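Input: a single structure, listed below in structure tokens.
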Amino acid sequence: MIYVDRQATGRRRWMVVGVSTAVNALAWATRCTFALFYVAMLEEFAWGRGPTALGYSLSWLGFVGFAPVAGWLSDRWDTRRVVMGGGVILGLALALTGQVSSLTQYYLCFGMLGAAGSAAMLIPSTTIVMRWFVRSRGTAMGVLSAGGPGSAVVFYPLVAWLIALVGWRMALVAFGSIVAAATVLLALLYRSADAKPAAAPRTPDEAWTLRRALRSLQLWAAFAMTALGVIGFQIMATHQVAHAVDRGFPRPTVVWLFSLGAGCMMAGNLAGGWLSDRVGRGWVFVLGTVVAILGIACLAVTRGPEDFLLLVLYTVSGFGFGMRIAQLAAIPADVFAGPHLGAILGVVQAGGGLGGAIGPFLGGWLFDVTGSYRLAFLGAAVAVAGSAVAAWVAARPATGELARGGCRASPVIP
């Protein structure tokens, strides 16, 4: 019989959550602050909103290819090495983006190189947490996903201050240096013993493999859930600042108000993760969807500074988006837990890359065509609703041989 020091194990697994949350925050900081650089680049270059937003979309499209690779590497290599490499690559991508003078350079640096760095940070740091938790997986994912909006609370005002102080180009160089250095230092806290906790004995017939998962309805439902959810979220996140500024709101007010919205989203991450362990992930996802759509409607009908209350309601609706985000990795991890979880999560998260590639560009293109964001915001609401339907399907227990294999492959740590 093997005796396990549960207290020591508990400390280790929550330490892993803390490190992974910080790593996720650094990776997501490059995305959540893009709206600030987007506005600055529009002022300097005559590229148009669609082509400029396309660079951000390419960073998501590249994620489609790099995420499965990062997941595969996380199943075979030490998490620490993959995450460290990702941090250095992402930091370099940001610094090089600060030197661009053409769309091609911008697409290659921020789009492709940035996607590689983000994938190498996000997928392994998420996979290691999912391997450590089963019964409290939603709570752990709630904490982990809080790193995204938490990074906005910290970096939104910081980046805005840097842009005002030294300009957007040097702000990107400084930002990239922070991301690279902090990620390397955080990754050193991962230990090889933390990478793969004890698990129940398994045979080849019991464990989910990537090939088996690709034949299941749940994986493609989870892929659609992630893709549609990110389309809706990224339309809003990319264009919310530009829309508010267009409506006459002062830029400093917009920055601080949307920082508040990120705090609401962070609270939604924590509440949604905890609640999903108790009432089910599908129900929590649907509830968050209703709140998010109501918020989108508030922003869509905002006409000017006299509608300040509607803008506040939109920022508060970030709580609903947060409730949904906490489920994006927990739902597939419930079904596909096992030694190949990294590769499977990489495929699911590639759906987010596809959605992120479509959302920002679609929002910018619709604005260029129609002269307003009304149709873009309607599309965001439809995508958010569609992701809730897919989440409900993905959260259903698998049946038959695959379900038995997936359950038996789960770690024994609670």
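Details
Residues checked against (1) open to solvent by 10 Å² or more (accessible area, probe 1.4 Å); (2) in contact with a helix residue (DSSP H, G or I) (Cβ under 7 Å, 6 or more places away or on another chain); (3) of a type in the set (S, T, N, Q); (4) under 17 Å from A267 (Cα atoms):
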residue	(1), (2), (3), (4)
R281	yes, yes, no, yes
G288	no, yes, no, yes
I296	no, yes, no, no
R303	yes, no, no, no
L309	yes, no, no, no
Y314	yes, yes, no, yes
S317	no, yes, yes, yes
G320	no, yes, no, yes
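- Residue within the range 366-374 that is surrounded by 21 or more Cβ atoms within 10 Å (Cβ to Cβ) and among the small types (G, A, S) present: no
- With respect to (1) within 20 Å of V230 (Cβ to Cβ); (2) open to solvent by 10 Å² or more (accessible area, probe 1.4 Å); (3) of a type outside the set (V, I, T); (4) outside any helix (DSSP H, G or I), the lone exception for Q327 is condition (2).
- Candidate set: the range 375-414, residues that are hydrophobic (A, V, I, L, M, F, W, C), over 20 Å from the mean Cα position of the chain (by Cα) and at pLDDT below 85; chosen: the one least open to solvent (accessible area, probe 1.4 Å): A409
- Annotation: of all residues in the range 152-184 being among the hydroxyl-bearing types (S, T, Y) and either over 21 Å from V230 (Cβ atoms) or modelled with pLDDT of 80 or more (or both), the one that is farthest from the chain's Cα centre (by Cα) is S177.
- The conditions of being over 18 Å from M130 (Cα atoms) and open to solvent by less than 30 Å² (accessible area, probe 1.4 Å) are met by G351.
- Tally of residues being in contact with a Phe, Trp or Tyr (Cβ under 7 Å, 6 or more places away or on another chain) and open to solvent by 10 Å² or more (accessible area, probe 1.4 Å) across the range 210-241: 2
- Residue in the range 53-74 that is on the phi > 0 side of the Ramachandran plot and more than 18 Å from the chain's Cα centre (by Cα) present: no
- Residue identified as over 20 Å from the mean Cα position of the chain (by Cα) and either over 30 Å from A140 (Cα atoms) or among the hydrophobic types (A, V, I, L, M, F, W, C) (or both) among F37, F110, F45: F45
Yes or no, residue by residue, for (1) touching a residue at least 12 places away in the same chain (Cβ under 8 Å); (2) open to solvent by 10 Å² or more (accessible area, probe 1.4 Å):
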| site | (1), (2) |
| --- | --- |
| G65 | yes, yes |
| L94 | yes, no |
| V100 | no, no |
| A120 | yes, yes |
| R135 | yes, yes |
| Y156 | yes, no |
| W161 | no, yes |
| G176 | yes, no |
| A182 | yes, yes |
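- Every residue from the range 102-118 that is open to solvent by 10 Å² or more (accessible area, probe 1.4 Å), among the small types (G, A, S) and touching a helix residue (DSSP H, G or I) at 6+ places or on another chain (Cβ under 7 Å): A116
- Entry remark, the range 247-272: residues being open to solvent by less than 20 Å² (accessible area, probe 1.4 Å) and touching a Pro at 6+ places or on another chain (Cβ under 9 Å) number 7 in total.
- Unique match (being at pLDDT below 85 and touching a Leu at 6+ places or on another chain (Cβ under 9 Å)) among L257, L275: L257
- Looking only at the range 70-90, and only at residues there that are farther than 13 Å from N24 by Cα and aliphatic (A, V, I, L, M), the one that is surrounded by the fewest Cβ atoms within 10 Å (Cβ to Cβ): V88
The values are calculated or read from the model by the stated rules, or taken from the named source; none is laboratory data. Just so it is clear, the model here is predicted, and its values are computed rather than measured. Neighbour counts run over all protein chains shown; Cβ positions are idealised from the backbone, glycine included. Accessible surface areas use protein heavy atoms only, side chains included; no ligands, DNA or RNA. Shrake-Rupley method; radii C 1.70, N 1.55, O 1.52, S 1.80 Å.
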